[in-house]
Each structure stands twice: as C-alpha cells, then as structure tokens.
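Written below as structure tokens is the structure these notes are about.
The values are calculated or read from the model by the stated rules, or taken from the named source; none is laboratory data. Every value quoted in this text rests on a predicted model; they were computed, and no experiment measured them. Here the Cβ positions follow ideal geometry from the backbone for every residue, glycine too, while neighbour counts run over all protein chains shown. Please note that ligands, DNA and RNA were not included when accessible areas were found on the heavy atoms of the full protein model with its side chains. Shrake-Rupley method; radii C 1.70, N 1.55, O 1.52, S 1.80 Å.
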Amino acid sequence: MNNPCVLYIKLGDGGKFEEECIQNNYVKLSYHEIDHELCHNKEWDKVKECLIRDNKGDSKKAGAAERHLNQIKFFYTAPKDTYWITFHKGKLWWCQAHEEVTNDPDNMKYRNTIGHWSDIDGFGKPLTFDVLSGNLTKTMAYRGTICEFEKKVEKYVLERIKGVKSEIVEDAEAAFFAMQDAIIPIIKELHWAEFELLIDLIFRRAGWQRLSSVGETQKFFDLDLTMPITNQRALVQIKTKTSRKEIEYYIEAFNGYNADFFFIFYHTLDSSLIEEYSSNTVKLCSLKEISKYCIELGLVNWLMQKSL
C-alpha cells in the first residue's frame, strides 16, 4: 500500500481525544482490542484475523475488515514526513509525527508529533472552516478513523500548510490587483461630491447605516455611522488631500466623541503617516484600499459609469 502525503485522522469517537492530543502533542489511535506487537511486527494477516474475530463493527465482512486493517496500517507505517490533519473547534489542525508507535496499559496507540499541532497555514492565517474548500471540510463526515485524500485535495492541503499558492489562485490575484490599479485613476477623477458618495456607498454595502446625511455640515466629520447588529459607531472624514496637522486635529476631535472607530479616506498622503497614525480604532484608507473595497463590494460598474 502506498503512503500518501496527507492523512485525515478522527481523534476518537466524536472527537473525544482531540483536546488531549492537541494539548499534549501526539496522535492517538484506539483499536485497543488489536495487539500492539502484531502491528509493530507488521503481522497484518493476524491483525485481520483479530478484526474478524472481535467483530469490529461489521468486520466479519472481508471488505470491512480490510478497511479497518488499512487504517491501522496507515497509523503504523506512515513516514514521519506525512501530514496528519484533523478538525477541532471550527478549525483544521495539522502536524507531522515520529514513526515510533507506543501503547499504554489500555492498549491505546500513540505517535508523538514532530514539534506541535498547528492551526495556522503557511501564509500565517488561521485555518478556520470559512476559508477552507468544501472538498476538504466534507471529510468531517467520514465515518472511519483514518483516510487518505484524492490527489487534488491532497495537493490543496499541502499548498495551504506550506504557504504555496496554486496557479489558478495566482492568476486570479494578478487579475484582482490589475483591476485595483485600473480603477484608481477613475476614483481620482471623481467630483468631490461623488467621492463622498462613493465612500458612503462602501459603508452601506458593508452593512453600516448613516446617522447623518452625506455632506451634512458638521464640525469635524462627514459621516456618522452605526452598525446595527453590534451597536458600534464610526465617524468618517473624507478628504481628497490631507496632512499630518489635519490628521492630528481630527484624531483629537474623535477622542472627544463616543465612537468606536474613526476612518479617514483620502486621495493623497505621505505614506509614512499611515503606519504612524493607524491603530485599532483609527484607520487611514488610501486609494489602493478604496479600490479594493470597490471590487469586493461590487462598486466597479458604478465607478465606470461615472468616468468621463
């Protein structure tokens, strides 16, 4: 039997071993009725006989016994460069494990991880279900203990773990960035009133609601917004061009308001000021970011219609 590069393992019935395995950095297999020494010595015919004799589920059927045997073989023979994955608390976790298999007094089988279990991909991002392919997450419905993947899914898992982008993703990203660059000149050409309207549309598409009208005369801010679900409040200043002095002025004013966030949208600004003044509550949004929001929120057609 070939050794795949990636194996899924269900850590106990209903995931009952997940927490202990992840915290203590090992991979655990039950099959406590199967003698460890038989597996260690690769006496697979005898292991299969045990599976049939002990009636592991419907293992009296030769096919079912063979499936259970293959899962045990995977655990005992998978090389140390194999990636083991499992699902726990809404995330994918992965590790590699030493080849030595040990057992405890209850005849549970263990492989210690090389390093530790991780829920972070090669891009430094958490492997939460919402960013994973359904072709992978459907594995959660697998009723056995250990399984391999189709080559396409295996390749996807390895790319995520190692931080490698597939060719089709790279092509899509290149097209996205090209679109970003292409619409920046259109945004620059907008009349100031249209620029304010664009920022208003961005927030509305993102679920924010206005507490004041666009362009309404206010002392410090152009938009006063609320997020209905969280009851958070945001204040927005819209400028075609701004400076250090203006930023400091508006941030000081923001600190006197009962608001959660302050956004400054602008055309032109010294880039060094962005990092200097941005924080958890203050965000300076450049044309690059505005163009990104326009693509993500479906405002490109609106922009193109406004272009002279």
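Taking every residue in the range 183-212 that is touching a residue at least 24 places away in the same chain (Cβ under 8 Å) and pairing it with any residue that is open to solvent by less than 20 Å² (accessible area, probe 1.4 Å) and of a type in the set (Ser, Thr, Tyr), at least 6 positions away or on another chain, the pairs with Cβ-Cβ distances below 7 Å are 183/291; 184/291; 187/291.
Being under 26 Å from residue 211 (Cβ atoms) and free of Cβ contacts under 8 Å to residues at least 24 places away in the same chain is the filter; apply it to the range 258-279 and report the residue that is surrounded by the fewest Cβ atoms within 10 Å (Cβ to Cβ). The selected residue is 279. Residues in the range 109-145 that are at pLDDT below 95 and of a type in the set (A, V, I, L, M): 131, 132, 136, 140, 141. Test of understanding: among 65, 78, which residue is crowded, with 17+ Cβ neighbours inside 10 Å and modelled with pLDDT under 95? The conditions single out 65. Looking at residue 299, is it open to solvent by less than 50 Å² (accessible area, probe 1.4 Å) and modelled with pLDDT under 95? No: the conditions fail for residue 299.
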